[in-house]
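These notes concern the structure reproduced below.
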Amino acid sequence: MRNFYTADMFRYFKPERLPIWVEYVEKGTHDERLFHNHEFSEIVIILQGSATHIIGEESCKVSAGDILVLHPGVSHAYDQTGDMEMVNIVYDPLTLSLPVLDGYALPMFHKFFPIDGSVPMPSHCAPVMHLNEADMVRVYEIIKNLMDELMGLKPGNFFLSMALFMEIIVYLARHEAIMTPEHQYRFVIGDVIAFMNRNLKRNIGIPELVTASKMSKRNLFRKFKLATGNTPVEYLLQLRLRKAAEMLLATNLTLGEVAMECGFCDSNYLCRMFREHMNTTPGNFRKAK
């Protein structure tokens, strides 16, 4: 019977942090034929050497420059890993609050973030793409910056970590970019998001968002969901929680003051939303800084 384990999210994602992590695997340290699956998605970049990647009964050789994309439910392993050096970018596409905008204009983007929100299982073990040496150097520079930011607690940590993660995704996805007019409407959603950011402190009604979008309510909800993965109301709440998290780490304001600055009616509502969406309390989050 072959070895097997499941890697759960708590191995990488802490309740008070973003659902993104980077795991560097040194040469000669990866277990051979240790089959596993995981509850998160994973972008694997082979930095040096080679190995055999196995999914089910299929196997294929992977080497420096190869990129693999794996989603939850896939059981896989590596063999002949002696000289393989790799880095894994792990993330949860179902909970990550990603501003998609025109991302789906890039065919490879579908591999990282399926358009319907589901997480498909790949049908084969082969790499989805290959980077040349210059591209590898550039991508790894961004990854190292992301690693440093994810392990730090500086103000704006969430914001910069998300920006670096998005830069990596776009850099990879642009290798097969096709510009199509049908995706240009996604930029309109940026006007709505900008309006939300400017008015986080006060109560924002749906009619105001409709006016800012210059679309009908039905079109706004449909296109906003397609572009961001969330409804406008859900996205607004995530913006407020993100702002509250930053203020808790960067200021000495009371919970009531933070709640008012971020558009929550009072500290009790802020605490309830924090527990529901971030699995911790504002107080515990602040103590962890």
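The values are calculated or read from the model by the stated rules, or taken from the named source; none is laboratory data. Predicted, not measured: the structure shown is a model, and the values here were computed from it. Reconstructed Cβ throughout: ideal geometry from the backbone, glycine too, with neighbour counts over all protein chains shown.
Numbers at a glance
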quantity	calculated
Segments classed as helices (runs of 4 or more DSSP H), wholly inside segment 193-289, with at least 1 members that are of a type outside the set (A, V, I, L, M), in contact with a Gly (Cβ under 7 Å, 6 or more places away or on another chain) and within 17 Å of Glu16 (Cβ to Cβ)	232-250
Residue, nearest to Phe113 (Cα to Cα), within segment 1-40, restricted to residues that are at pLDDT below 90 and of a type in the set (Ser, Thr, Tyr)	Tyr12
Exclusive hit being over 21 Å from Phe158 (Cα atoms), surrounded by fewer than 18 Cβ atoms within 10 Å (Cβ to Cβ) and over 24 Å from the mean Cα position of the chain (by Cα), set Glu208, Glu261	Glu208
Test: residue in segment 119-129 that is closer than 21 Å to Thr228 by Cβ, at pLDDT below 90, in the same structural domain as Pro19 (by TED's automatic domain parsing) and not β-branched (Val, Ile, Thr)	yes
Residues of segment 160-189 classified as more than 20 Å from Ile67 (Cα to Cα) and either part of a helix (DSSP H, G or I) or modelled with pLDDT of 90 or more (or both), total	11
Among the candidates Ala259, Ala245, residue that is small (Gly, Ala, Ser), assigned by TED's automatic domain parsing to the domain that holds Asn199 and touching a residue at least 40 places away in the same chain (Cβ under 8 Å)	Ala245
Where Glu85 falls short, out of the listed (1) out of contact with any Ser or Thr (no Cβ under 8 Å at 6 or more places or on another chain); (2) modelled with pLDDT of 90 or more; (3) surrounded by fewer than 18 Cβ atoms within 10 Å (Cβ to Cβ)	(3)
